[in-house]
1. In a GNM of the chain with a 10 Å cut-off on Cα contacts, which of 222, 74, 94 has the highest mean-square fluctuation?
2. What is the fewest-to-most order of 215, 100 by other Cβ atoms lying within 10 Å of their Cβ?
3. Just to check, using Stokes-Einstein with a Kirkwood Rh over alpha carbon pairs, what's the diffusion coefficient of segment 169-220 at 25 °C and 0.890 mPa s in µm²/s?
4. Find how many whole Å separate the alpha carbon centroid of segment 35-96 from the alpha carbon centroid of segment 205-255.
5. As a check on your grasp of the helix formula, calculate [θ] at 222 nm for the chain: sum -39500 (n - 2.57) over DSSP H runs of n ≥ 4, divide by the residue count, round to the nearest 500.
6. At a Förster distance of 41 Å, what's the computed FRET efficiency of residue 66 paired with residue 189, Cβ-Cβ distance as r, to 0.05?
7. If I model a spin label at residue 197 and residue 158 as a point 7 Å from the Cα along the Cα→Cβ vector, what separation in nanometres do I get?
8. Grab the alpha carbons of the chain, take their convex hull, and tell me the volume per residue in Å³.
């Protein structure tokens, strides 16, 4: 026990590095989410594209039965992939905010704060993940209207929410790393646009891995989006299964996310140079 400012004893864990890390990360996440609450239009506009994929692309291919998806209808098979696409597309451009913050001098203020670099990155990633939840709600409501066979139990819904937050945090941190490397908005936007479609099409979001040529299937095994789609398909859809196993999917996503947080924390200071 250690004395507090008022003389009362305070538990040692209150001053532990982990508690400080979480406190600083939570403060950053709250500040980031406050921006979204003030202007939520971005969340709604980013939900338009995945909605079109479901309504147009999904309906057409369900009728044609051109892509074999086993016991699942194509719309059921595609719905988790569209949700994963929405998470990817909303998070991959998150790093441009870091460049804006550097230009406005905000990054300099954050770097001289008591918060560690890791907590700054983790807090921003957490905010991006929570922001992805709003789009997940919109897409899930749309799939209900379209008759997709969703799981409705509480455990599955909580699992979907957790995986969506984890996926949004992962891809936003990847975006953060890119922003620290390229350092200009123009280069960042160009690289972000180049990366999104290859990540999407080199995954099992809209077709099974079995239909891919061997070289593309090999790439998909190293694509984090594949594991995100696998996890969502298992948790969202009645009869949906993962090619790797749900535990493996979550473990891979968590390991990649932590690795990216470590890299981004090391690079954060370089953005101001």
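1. In this elastic network of the chain, the residue with the biggest mean-square fluctuation among 222, 74, 94 is 222.
2. 215, 100
3. Once the numbers are plugged in, D ends up at 197 µm²/s.
4. Centre-to-centre distance over Cα atoms comes out at 16 Å.
5. That calculation yields -22500 deg cm²/dmol at 222 nm.
6. Numbers: r = 34 Å, r/R0 = 0.83.
The formula returns an efficiency of 0.75 here.
7. Once both label points are built, they end up 4.1 nm from each other.
8. Details: hull volume 42.0 nm³, N = 273.
Dividing the Cα hull volume of the chain by its residue count gives 154 Å³.
Any read-out appearing in this document is the output of simple, stated calculations on the displayed coordinates, not a laboratory observation. Keep in mind it's a predicted model, so treat the numbers as computed, not measured. Don't worry about glycine lacking a Cβ; one is built from the backbone with ideal geometry, like all the others, and counts go over all protein chains shown.
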